[in-house]
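Novice: I am attaching a structure below and will ask some questions about it afterwards.
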Amino acid sequence: MKQNTKELLLEVALELFATKGYHATKVSDIVKQAGVAQGTFYWYFTSKEEIGLEIIEKGKKKLLKVVRKGYRKEVGNVSDMLQSSKRLMQNLLLFGDSNRNLMIFLLLKGQGGEEKIRNAVSETIISIETEFAKNIQRAIELNMLEDRDCVELQAQILTSFIIGIMSRWLFGPMNQVDFKPTTSINEVTEEIVRYEFFGLIGSGGKK
């Protein structure tokens, strides 16, 4: 019962952070929508900031799980790499579409939160960069990419590119939280991979 109540509070808080904004949401709003007493909230969380940080941490773990599915385990040719990249991009877009409130909080509303909230959002992005760097490094070790001694920079550019495209696809050019994507996941994936993949492989890719 306690776990169910905590999950309910997390779900309601995320919905309110995404729709009303972090600053505009009060603990009283959360408990009212959740249908619980205010004291119940403080049984699980000491503050709005704490529930916000837990939402981000849980979201980060889910996102990294998706990214890690694309981790390179064995050698392959260009076609294998291309298909692997497509699967990863599709999974990321599907995740974003299925976890829209989380993405609104991470990519839009959380940026204007308190310092700890902003830092947690930034750490989430850095964690994604780290996972991409590991995957790029693994491809280098498997002799699938040339080692150009810029893995961290490649991972930063790749992360910024993918997050930017995800944000644009999910929220449109004006960052509208109620925006409906007009381009299919498959179409976006094809274009993402075209730029992402051939940017990484450059002229030193292994055929």
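Novice: Where in region 1-49 are the helices (runs of 4 or more DSSP H), entirely inside, with at least 1 residues that are among the aliphatic types (A, V, I, L, M)?
Specialist: Qualifying helices (runs of 4 or more DSSP H): 2-19, 27-34.
Novice: Kindly evaluate Lys61 against the criterion of being at pLDDT 90 or above, part of a helix (DSSP H, G or I) and surrounded by fewer than 16 Cβ atoms within 10 Å (Cβ to Cβ).
Specialist: Numbers: at pLDDT 90 or above: yes; part of a helix (DSSP H, G or I): yes; surrounded by fewer than 16 Cβ atoms within 10 Å (Cβ to Cβ): yes.
Yes.
Novice: Does Phe132 meet the test of being at negative phi, aromatic (Phe, Trp, Tyr), touching a Phe, Trp or Tyr at 6+ places or on another chain (Cβ under 7 Å) and modelled with pLDDT of 90 or more?
Specialist: No, not satisfied.
Novice: Further question on the same structure: Among the candidates Ile140, Ile128, Ile104, Ile117, single out the residue that is crowded, with 20+ Cβ neighbours inside 10 Å, over 18 Å from Ile165 (Cα atoms) and either of a type in the set (Val, Ile, Thr) or within 11 Å of the chain's Cα centre (by Cα) (or both). Even if it seems obvious, please write down each step before you answer.
Specialist: Numbers: Ile140 fails: crowded, with 20+ Cβ neighbours inside 10 Å; Ile128 fails: over 18 Å from Ile165 (Cα atoms); Ile104 fails: over 18 Å from Ile165 (Cα atoms).
Being crowded, with 20+ Cβ neighbours inside 10 Å, over 18 Å from Ile165 (Cα atoms) and either of a type in the set (Val, Ile, Thr) or within 11 Å of the chain's Cα centre (by Cα) (or both) holds for just one of Ile140, Ile128, Ile104, Ile117, which is Ile117.
The values are calculated or read from the model by the stated rules, or taken from the named source; none is laboratory data. Remember, predicted model here, so these are calculated numbers, not experimental data. Cβ: placed from backbone, ideal geometry, glycine included. Neighbour counts: every protein chain shown.
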